[in-house]
Every structure is written in structure tokens, then in C-alpha cells.
Amino acid sequence: MFEHNKLLLVVLVFVLAYYVYAADDRPEATFRVDVYRNVYQAIFKCISETGVHPEAIQLIRDGTYEENAAFKKFIYCNYVKSGYATEDGEMKIDDIANEFPPEYNMITILKNCISSESDPVEKIFNSFKCYQKSSPVRMGF
């Protein structure tokens, strides 16, 4: 009986993993190794600084996000620590767009996602949400 339950659990995990992966069917953007290194270093620092759960990375990969304060600070922290935004919430649109292959025309998408919020955390988070909704690719981090 125990083996049957164990097998059922394994099958369930694979089905759920497939469902989560298939939830965002956009192609995954790939980046240069130095970009991955830079972003992953920021991610690990920001997980520690904001207290957000490491599962937040999977949410971003899945094209989703949370709306709580810790997740918003996590997104803000990542953009700032990776060098793609200033501490006052200004996105470095040209720097970000240059990391993507030109066929995605990210400069236009990113410019359309500039937020007018006065709070830097909200400003970056709103730009992030807009990107998640409008981008033809999903993040590959």
C-alpha cells in the first residue's frame, strides 16, 4: 500500500509541475552568462534582504507574481541590485532592452511599461507587472 501511495504522489508531482510549466506558454528569453550571474546574485541577496520565499523565483518564471509588500520589495531590490533600475525607481530601459534579442522589440514594450508612481517600490513593481502582461517572452531566470 505504501508503494502505491508513493507512486501516486510522484505522478501527481509530475502532473502539477507540467501544469505550472505550461501555464505560461511564451518562449523563454535567454541571456548571456554574465547577465544570468548578475541577476542570480541580486536574487539571492534580495531573498535574504526581503525575506521573500525562494519560490518567488518560480513565480516569475511562470509569468505570475504576488501583490504583497515583501514580493514588491523583492522585485525592487532585484532591479536595483542588478543595475537595471535606480534607487528612486527609474528603470534603465535601454540597458534592459539591450539584454534581449532584437527581434523582441523590448524597447517599445519597456517604454510602454514606465510607471508614474511616486513610490520607487511601487513604480518598479508596476513596470514589472506590465512587462509580465505585455512581453512576448518570459524570463528565463
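Summary table
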{"read-out": "Burial ranking of peptide ranges 115-122, 27-34 (average Cβ count within 10 Å, highest at the top)", "value": "115-122, 27-34"}
{"read-out": "Spin-label model distance (nm) - Asn98 vs Gln41, 7 Å beyond Cα toward Cβ", "value": "1.8 nm"}
{"read-out": "Under-5 Å amide H pairs with Arg138, H placed in peptide plane, nonlocal only", "value": "Glu28, Ala29"}
{"read-out": "Cα→Cβ-extended label distance, 7 Å offset, between Lys129 and Thr30, nm", "value": "3.3 nm"}
{"read-out": "Cross-link reach list, lysines versus Lys129, counting only Cα pairs under 23 Å and skipping chain neighbours closer than eight places", "value": "Lys45, Lys72, Lys73, Lys81, Lys92, Lys111"}
{"read-out": "Solvent-accessible surface (1.4 angstrom probe) belonging to Asp25, in square angstrom, nearest 10", "value": "140 Å²"}
{"read-out": "Å² per residue, accessible surface of region 15-107 at 1.4 Å", "value": "60 Å²"}
{"read-out": "Dipole magnitude of region 64-141 about its Cα centre (Cβ charges: Lys, Arg +1; Asp, Glu -1), debye to nearest 20", "value": "220 debye"}
{"read-out": "Apportionment of accessible area to carbon and sulfur, region 62-141, percent (1.4 Å)", "value": "48 percent"}
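The values are calculated or read from the model by the stated rules, or taken from the named source; none is laboratory data. What you are looking at is a predicted structure, and each value in this text was computed from that prediction instead of being measured. So basically every Cβ, Gly included, is an ideal-geometry build from the backbone, and we count neighbours across all protein chains shown. Calculation scope for accessible area: heavy atoms of the full protein, side chains included, ligands and nucleic acids excluded. Shrake-Rupley method; radii C 1.70, N 1.55, O 1.52, S 1.80 Å.
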